[in-house]
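Here is the structure we will look at.
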Amino acid sequence: MRVRILASGSGGNLSLYESDGFVILVDAGVDPGGLASRLRSVGAEYTRPDALVVTHGHADHCAHAREYAESAGIPTYMTDSTAKVVKPNSARHVFRYTAREPFAIGPFEIRPCAVAHDVPQVALRIESDGCAAVIATDLGEVPPELHGLLVGAQLAMIESNHDLHMLEVGPYPRFLKRRVGGPRGHLSNIQCAALLRALPASVETAVLMHLSEKNNRPEIALECAAEALSDRPTTLLAAKQYDKLVFDLKPRARDEVASASEPDPAKVDAIARALAAPSGRAKSAPLPGQLALKLGG
């Protein structure tokens, strides 16, 4: 399975998943023309995905979803809550999914997990041919269920939106700082690091996603995350807004899959304790990380 991250941040979000010649696009924060130019720049042989999955109804994730569904005629999957924001003119190419039930698109099995955000939002596990990737952005807190989503995955794309100090002293108005840093906002570098410490052994590559351009810097996020991963050989990267990152995932050996098939209860408990601890937030005002475009993201 091949994964391409083509945009990550408040300026628009876009990632692609390819298996057996079938291509799924996750989120539509970039218009179809922008997608085509990005694919050409990385030497992709296709310009039109076979399906689109939208995670939630903020413009940096869904702004062009109706265009993909109606103008391009691409089958588009979204929750009822997101559909109320996108407002497709026709249901012909629009399909609904829930945050509780896995569903299949072509060769892909997709498992959603509800996460805390100020609109209904999901993390996604995308699996095909013995490979799995998890994308989890736009969440103010990490539910213990997310660890189960990561078990057996080779690639983890996790939000590391803001540095607590930069958000506190930065240019956002107070209400926006509270929104970004609150329990229904965005993950800070510290929260991301707490999750990374409990990553399942299957995860070979971790990518820091949705970094705020005003309240974070890649080197700060990477330093925090690297400390959390210092005792394991995981490859660590940070996705900037319009970076183009490509990952070719390989199926794990049968014995490796079996050994990583069940979550470690101690690690799940560690996540819950770390993310519930008040020390993970600024004392003055809670904070989530990145707003953006009209609706924020």
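The values are calculated or read from the model by the stated rules, or taken from the named source; none is laboratory data. As the structure is a computational prediction, the values presented were derived from the model and not from experiment. Please note: Cβ atoms are built from the backbone with ideal geometry, for glycine as well, and neighbour counts cover all protein chains shown.
Restricting attention to the stretch 170-193, the residues that are farther than 15 Å from Ser10 by Cβ and among the charged types (D, E, K, R) add up to 3.
Answer yes or no as to whether Val257 is at pLDDT below 95, more than 29 Å from Gly182 (Cα to Cα), of a type in the set (Val, Ile, Thr) and assigned to a helix (DSSP H, G or I).
yes
Residues in the stretch 128-145 that are acidic (Asp, Glu) and either without any contact (Cβ under 8 Å) to a residue 60 or more places away in the chain or closer than 23 Å to Val180 by Cβ (or both): Asp138, Glu141, Glu145. Among residues belonging to the stretch 82-105 that are of a type in the set (S, T, N, Q) and assigned to a loop (DSSP other than H, G, I, E, B), point out the one that is modelled with the lowest pLDDT. Of everything passing the filter in the stretch 82-105, Ser90 is modelled with the lowest pLDDT.
For (1) over 30 Å from Leu176 (Cβ atoms); (2) touching a Ser or Thr at 6+ places or on another chain (Cβ under 9 Å); (3) of a type outside the set (Gly, Ala, Ser), each residue gets a yes or a no:
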| site | (1), (2), (3) |
| --- | --- |
| Tyr77 | yes, no, yes |
| Ala83 | no, no, no |
| Lys87 | no, no, yes |
| Arg96 | yes, yes, yes |
| Pro107 | yes, yes, yes |
| Cys113 | no, no, yes |
| Ala116 | no, no, no |
| Gln121 | no, yes, yes |
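Looking across Gly140, Gly181, Gly170, Gly152, one residue alone is surrounded by fewer than 19 Cβ atoms within 10 Å (Cβ to Cβ) and among the small types (Gly, Ala, Ser). It is Gly170.
Restricting the stretch 90-121 to residues that are in contact (Cβ under 8 Å) with a residue 60 or more places away in the chain and either among the acidic types (Asp, Glu) or touching a His at 6+ places or on another chain (Cβ under 7 Å) (or both), which is farthest from Leu16 (Cα to Cα)? Selected residue: Asp118. On the stretch given as the stretch 208-235, residues that are in contact with a Ser or Thr (Cβ under 8 Å, 6 or more places away or on another chain) and either modelled with pLDDT under 95 or of a type in the set (A, V, I, L, M) (or both) total 5. All conditions but one from (1) over 19 Å from Leu237 (Cβ atoms); (2) modelled with pLDDT of 95 or more apply to Ala156; the one that does not is (1). In this structure, is Gly148 touching a helix residue (DSSP H, G or I) at 6+ places or on another chain (Cβ under 9 Å), touching a residue at least 40 places away in the same chain (Cβ under 8 Å), of a type outside the set (Asp, Glu) and on the phi > 0 side of the Ramachandran plot? The answer is no for Gly148.
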